[in-house]
Every structure is written in C-alpha cells, then in structure tokens.
Amino acid sequence: MRMSRYFLPILKETPADAQIVSHRLMLRSGMIRQASAGIYSWLPLGYRVLQRIERIVHEEQIRVGHNPMLMPTLQSADLWRESGRYDDYGEEMLRITDRHGRDMLYGPTNEELITDIVRSSVQSYRDLPLTLYHVQWKFRDEVRPRFGVMRGREFLMKDGYNFDVDRESAIHAYNRHMVSYLRTYERMGLKAIPMRAETGPIGGDHSHEFLVLAETGESAVFFDSRILDLSLGGRDVDTDSSEDCAAVFEAWTAPYARTDETHDPAKFEAAVPEDRRMNSRAIEVGQIFYFGTKYSEPMDARVVNEDGDRVFVHMGSHGIGVSRLAGAIIEASHDERGIVWPESVAPFHLGIVNLKQGDGDTDSASERIFARAGAAGLDALYDDRNERAGPKFATMDLIGLPWRITVGPRCLRAGMVELTCRRTGETDELEPDAAIERVRLSCHGP
Ligand code: 5CA
C-alpha cells in the first residue's frame, strides 16, 4: 500500500475525552472513529488489525476441530422467551420491533439460536461431541461504554458453543477451550491468565475468565506470581485427549488467580506465600462457561444416548473479545512514541520510508524494495509522500509497524538501506535484499 493513496487520518492533538492509552493511540493513529457512544467505525488501519486478530482466532479454533459458521446479528425474541432470558436479560438487550410488530433483538450472545439449530438436526449421541462457533458483531447496551473498543456497545466477539452427551465429555470441551484460548493469546504476544469467574447472565457454575495484566484494566486481580512463569510455548498438546487437556487445565488453575468478583483474601493468604502475592489491574479478553443443561432443558434439546435414553445435551459457551483485543494488545505493547505491534497482528509487516521523494535514485530504490517485499509475502506500507523525514518517522512510530526500511541518498550511494526494529529501536545498514530477507525471516520464519 502506498501512503499517498492510503486513508490514514492521523490526529495531531491527543483527543481530550480518551482516558486510556489504547483509546488515545487508536484515535490518533486513525484506526477507529466513533460513530456514536460505544459504537465505532474501523478505518483501514484498524480494520487490518481486526482482521489479523480474527484470523488467528479462526486458525486456533479450526486447529482443535471446531466448526466455523455465521449466525445473524438480529434474532427473534421467541427463542429467548423459550429459554426464559428475554425477560431476565434486562436493559442491556437492544429490543427492536419489525414492521409486522414482531419482537426482535440485536444479539448480545447466541446460546438460544445455536441450541435451536442443533436440536433440530442432531438426534443421536453419535453426532456428538460438536462445537460450533462464529465471529460476529454483538450489541450490549452498556450503561457506561468507555475506553474506546474496550467496553463498546457494539463489539466483535468470537462465541462458540459445545454440545456433548454428558458432563464428562463437556468438561473435556471446556478444558480443550482453555488450551485453545491460551494458544490464541500467546500467538498475539499476550500473557492471558485464566481466573475463576462468576457466570452472570450466561449462567452455570463453572467459568474462567482470561485476563491480561494492564494498569488501565477494569478488573482488579489477585494472583500467585508463579502463574507468570507458565507458558504453552510451542508445546504440542493433544487436544483430542481429555487427559492432556485436563493436565493443562490443572497446571494453569493450580496457582491462586482470581478477579475481585471471586477473590477470597483469607484463601489467598493461606495458599500463597507473601512474596508471591500479587495484585494488579487487568483486562478480560475472554471467558469460558460450562452450564450443563441450562438451555437444553427449557429448549428441549435432547439426543438418544448409548443406552437408548433421550437425554438433555450438556453445553458450554466460550467467548473471545475480538475487537477488545485490539485495545488490549496496545495496552500491553506501546511506548511514548506510539504503538508497538507484535508481528502476528501488525497491520503491515514493514514501513518503507523514502527520505527524498522525487529523487530518481531513492524513488527507484524504494519502488524496487516495495515490489520485492510484496513478492516475499510481506505487507508493506510505502511512505511515498513529499514530506520531511521527521514527520514520516513520527507517523511510522505512531502506527507501530514492527520494521522500517529507510531509503536515503547517503546510504544508497554505498548500496545500503537502514533497517530499524520498532521494538528495540536497533538500526542496521544492510543491502536492500538482505533487509527484506531479515524481515521475512522474522515475520514468516524459515
Ligand atoms: N456467550 C458467552 C460466551 S460465548 C459470552 O457472551 N461471554 S462474555 O459475556 O464473557 O463475553 C465474551 C467476551 O467478549 C468477554 O470476555 C470480553 O472480552 C468481550 N466483551 C464483553 N462485553 C464487551 C464489551 N461491551 N465491549 C467489548 N468487548 C466485550
């Protein structure tokens, strides 16, 4: 992409109403624009990030055998009356009436709709276990939408639903989701800690939230510092094995880790030596639930089990805050100059800065690097504007691309360009092809 053709409405001033750094940086870098309270347009730069986050979520879901699909944003109120949640959900639900006077709603979540789909087509235990998911916009009429995309009214969520013949199988699904979520967040460069949680309007008695530590987070958290040493790394967990998934669950839930909603100070002190007791603020980037037959009973979703009995299916649901993650990643990764994107979710892998636009040599060298980067499978943003070096560098630093190749007349005379790493600030002089190869290796591996 050429900067001269790109819609990148950078703000010079820090927006006064943005209280936290991710919100400020998303507005300043032209990633999002508020449409109304808690509702945002995703401008080209932000949309790229959102798509990359979504893609990682899909890849990790598909990797463990979950079925991607897409349900609508608008739902009929009838299904929600069946489960009893139409009245229970309260003012957070946006209720709509269509021209025929039928009650509709903008989905805040999809337990009812998916249960309806599954109950009408799945009759036997042989069709289970089954996990279906989608990534779709949700609407919750939050009393206090704030912090930009962190607590929006309209937001993008991955929500998934497992259907199992009994509790044992559903617990495997729960633990498998824990493995898959840990992998998902690790790929985004985040340390997300599972913490025992309340279940709220989704229901059930078994739930964990995933929290990313950040000073600006909405949750207060209390945990054993040992949990910070845990990492799945590249470790291959066999997610078809309930033992392997249970082992990950045990390891990650053994150390004390709770949010203010479930925190028990006496237990904390008894379980964790003083020098390991930590408390912090954190952002909730996902939550998993096991709620047994809470929906299948009122909605009569049953299958015939091995003994020939018609039993209610056991269910759980699982959510990842896809749009919230864009903010959470910035909270976890920025400096005084702007965003520092992890390579896995960066809107472009690299920026190319031409220091002397209009000069035959720097122009042709920059064009060549731009073409080579594309051929190497790298997304590059080429700053081909007739601007001074200072503002060009400031823009690249603000939007936080992991790598920058600077093409200037002095270096070029020696056949070299500068390669700068956004995270470390380190700069090396290299031949153009070597610079591209270094970026390619870093972003895509050998
Ligand atoms: N049905 C279940 C799981 S599919 C569910 O709705 N879970 S949830 O309520 O916990 O939401 C899942 C994730 O969506 C949360 O962990 C959070 O990361 C994100 N989320 C929830 N509310 C908002 C909001 N107002 N703005 C942005 N993200 C949100």
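A count restricted to the stretch 172-210 and to residues that are within 13 Å of the ligand (Cβ to nearest atom) and charged (D, E, K, R) stands at 2. Each residue in the stretch 113-166 was checked for being surrounded by fewer than 19 Cβ atoms within 10 Å (Cβ to Cβ), over 16 Å from the mean Cα position of the chain (by Cα) and among the polar types (S, T, N, Q), and 4 of them qualify. The set of residues in the stretch 254-290 being open to solvent by less than 70 Å² (accessible area, probe 1.4 Å) and within 15 Å of the ligand (Cβ to nearest atom) consists of Thr259, Thr262, Ala282, Ile283, Glu284, Val285, Gly286, Gln287, Ile288, Phe289, Tyr290. Among the residues of the stretch 57-100, those that are over 27 Å from the mean Cα position of the chain (by Cα), farther than 25 Å from Ala173 by Cβ and among the hydrophobic types (A, V, I, L, M, F, W, C) comprise Ala77, Ile96. Looking across Val149, Val143, one residue alone is of a type outside the set (Gly, Ala, Ser) and outside any loop (DSSP other than H, G, I, E, B). It is Val149. The one condition from (1) assigned to a loop (DSSP other than H, G, I, E, B); (2) more than 16 Å from the ligand (Cβ to nearest atom); (3) among the hydroxyl-bearing types (Ser, Thr, Tyr) that Ser169 does not meet is (1).
Determine, yes or no, whether Glu112 is out of contact with any strand residue (DSSP E or B) (no Cβ under 8 Å at 6 or more places or on another chain) and part of a helix (DSSP H, G or I). Answer is no for this residue. Among the residues of the stretch 387-396, are any over 30 Å from Ala192 (Cβ atoms), β-branched (Val, Ile, Thr) and either part of a helix (DSSP H, G or I) or in contact (Cβ under 8 Å) with a residue 24 or more places away in the chain (or both)? The answer is yes; a qualifying residue exists. Residue-level analysis places Arg99 outside the set of residues that are over 24 Å from Phe163 (Cα atoms), buried (at least 18 other Cβ atoms within 10 Å of the Cβ) and either away from the ligand (no atom under 16 Å from the Cβ) or in contact (Cβ under 8 Å) with a residue 12 or more places away in the chain (or both). Put simply, of Pro201, Pro194 the only residue that is more than 13 Å from Gly292 (Cα to Cα), open to solvent by less than 10 Å² (accessible area, probe 1.4 Å) and either in a loop (DSSP other than H, G, I, E, B) or in contact with a helix residue (DSSP H, G or I) (Cβ under 8 Å, 6 or more places away or on another chain) (or both) is Pro194. Within the stretch 249-264, if we keep just the residues that are of a type outside the set (S, T, N, Q) and in contact (Cβ under 8 Å) with a residue 40 or more places away in the chain, the residue that is nearest to Asp238 (Cα to Cα) turns out to be Phe249. From the list Gly160, Gly152, Gly217, the one residue that fits, being touching a Lys or Arg at 6+ places or on another chain (Cβ under 7 Å) and within 16 Å of the ligand (Cβ to nearest atom), is Gly217. Here the stretch 12-44 is the region considered, the condition is being modelled with pLDDT under 95 and open to solvent by 30 Å² or more (accessible area, probe 1.4 Å), and the residue that is farthest from the ligand (Cβ to nearest atom) is Lys12. Yes or no: Glu91 in a helix (DSSP H, G or I) and either within 12 Å of the ligand (Cβ to nearest atom) or touching a residue at least 12 places away in the same chain (Cβ under 8 Å) (or both)? Yes, satisfied. In this structure, is Asp244 away from the ligand (no atom under 16 Å from the Cβ), in a loop (DSSP other than H, G, I, E, B) and open to solvent by 60 Å² or more (accessible area, probe 1.4 Å)? Judged against the criteria, Asp244 is not a match. Applying the criterion of being open to solvent by 10 Å² or more (accessible area, probe 1.4 Å) and within 11 Å of the ligand (Cβ to nearest atom) to the residues of the stretch 291-330, the residue that is nearest to Ala173 (Cα to Cα) is Phe291.
So that you can scan it fast, the table gives a plain yes or no per residue for (1) more than 22 Å from Leu211 (Cβ to Cβ); (2) touching a Lys or Arg at 6+ places or on another chain (Cβ under 8 Å); (3) assigned by TED's automatic domain parsing to the domain that holds Gly200:
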| site | (1), (2), (3) |
| --- | --- |
| Arg235 | no, no, yes |
| Asp238 | yes, no, yes |
| Phe249 | no, no, yes |
| Asp260 | no, no, yes |
| Ala282 | no, no, yes |
| Tyr295 | yes, no, yes |
| Ala301 | yes, yes, yes |
| Gly308 | yes, no, yes |
| Val311 | yes, yes, yes |
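The number of residues in the stretch 332-380 that are in a strand (DSSP E or B) and either more than 19 Å from Lys392 (Cα to Cα) or β-branched (Val, Ile, Thr) (or both) comes to 3. Any chance the stretch 2-9 includes a residue that's loosely packed, with under 13 Cβ neighbours inside 10 Å, under 23 Å from Ala380 (Cβ atoms), of a type in the set (A, V, I, L, M, F, W, C) and in the same structural domain as Asp141 (by TED's automatic domain parsing)? Among the residues of the stretch 2-9, at least one is loosely packed, with under 13 Cβ neighbours inside 10 Å, under 23 Å from Ala380 (Cβ atoms), of a type in the set (A, V, I, L, M, F, W, C) and in the same structural domain as Asp141 (by TED's automatic domain parsing), which makes the answer yes.
The values are calculated or read from the model by the stated rules, or taken from the named source; none is laboratory data. Note that this is a predicted model, so its numbers are computed, not measured. As a convention, Cβ positions derive from the backbone with ideal geometry for all residues, glycine included, and neighbour counts pool all protein chains shown. Keep in mind that these areas ignore ligands, DNA and RNA; they rest on the heavy atoms of the full protein, side chains included. Shrake-Rupley method; radii C 1.70, N 1.55, O 1.52, S 1.80 Å.
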